[in-house]
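In what follows, a single structure is set out as structure tokens and then discussed.
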Amino acid sequence: MTTFDARPQAAIGSRPPGWLSSILVEGRAWECDAVFPFHQRVALEPACVSTARRFVDQTLAAWGALGLAYDAQLVVSELVTNAMRHGGGAAQLRLLCHEAELACVVSDHSRTVPMATAPDVFSEFGRGLRLVDALCTAWGWLVPGGTRKLVWAVLAG
């Protein structure tokens, strides 16, 4: 069973756009769909963030969507870092393109939901989801059955 968590911590809400929801819930493949699986031994290493950024750059170049690359790399960096720090490691990065929208989806090994909290001015951490919120038209999470969580973010092209 898939659940949508609509807690107020998700600034935009946690329901993905209809096109993305049907793909994620039903597990369907999409025309512009690229998946990068993180190997268990590197899923908690900081180097997996730069690997994810390279995957974004290569995928968007192949799709002719390099105009979204910089913002997408920032968003993916934050989502993968959060998966490493709070989700037991990143399991998979998935990029999906639909018309003028790009979805970045990171799965991790936890059912704990992300929280966009107001960071202390002097804090070194706590700004990642605020950055995702600023760059994306929507973001949120869903917890399909099992032990994984999907955190998704949609950028407009």
Q. Which of the residues that make up the range 35-79 are more than 15 Å from Ala103 (Cα to Cα) and either aromatic (Phe, Trp, Tyr) or in contact with a Lys or Arg (Cβ under 7 Å, 6 or more places away or on another chain) (or both)?
A. Phe38
(Q) Can you list residue pairs whose Cβ atoms sit under 9 Å apart, with the first residue in the range 19-37 being in contact (Cβ under 8 Å) with a residue 40 or more places away in the chain and the second being in a loop (DSSP other than H, G, I, E, B) and hydroxyl-bearing (Ser, Thr, Tyr)? Count only pairs 6 or more apart in sequence or on different chains. (A) Leu24/Thr2; Val25/Thr2
**Q.** Any strands (runs of 3 or more DSSP E) falling wholly within the range 22-112 and containing at least 2 residues that are within 19 Å of Val132 (Cα to Cα), under 12 Å from the mean Cα position of the chain (by Cα) and of a type outside the set (Asp, Glu)
**A.** 90-98, 101-108
**Q.** Tabulated pairs, the range 85-104, first farther than 16 Å from Leu68 by Cα, second among the hydroxyl-bearing types (Ser, Thr, Tyr) and not in a strand (DSSP E or B), C-beta under 8 angstrom, 6+ apart or interchain
**A.** His86/Ser110; His86/Thr112; Gly87/Ser110; Gly87/Thr112; Gly88/Ser110
Q. Within the range 56-76, how many residues turn out to be crowded, with 19+ Cβ neighbours inside 10 Å and without any contact (Cβ under 8 Å) to a residue 40 or more places away in the chain?
A. 3
Q) Can you pull out the residues in the range 132-151 that are modelled with pLDDT of 90 or more and either assigned to a loop (DSSP other than H, G, I, E, B) or out of contact with any Lys or Arg (no Cβ under 9 Å at 6 or more places or on another chain) (or both)? A) Val132, Asp133, Ala134, Leu135, Cys136, Thr137, Trp139, Val151
**Q.** Which listed residue, of Arg111, Arg94, is basic (Lys, Arg) and modelled with pLDDT of 90 or more
**A.** Arg94
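The values are calculated or read from the model by the stated rules, or taken from the named source; none is laboratory data. Worth saying up front: this structure is predicted, and the values here are computed from it rather than measured. Don't worry about glycine lacking a Cβ; one is built from the backbone with ideal geometry, like all the others, and counts go over all protein chains shown.
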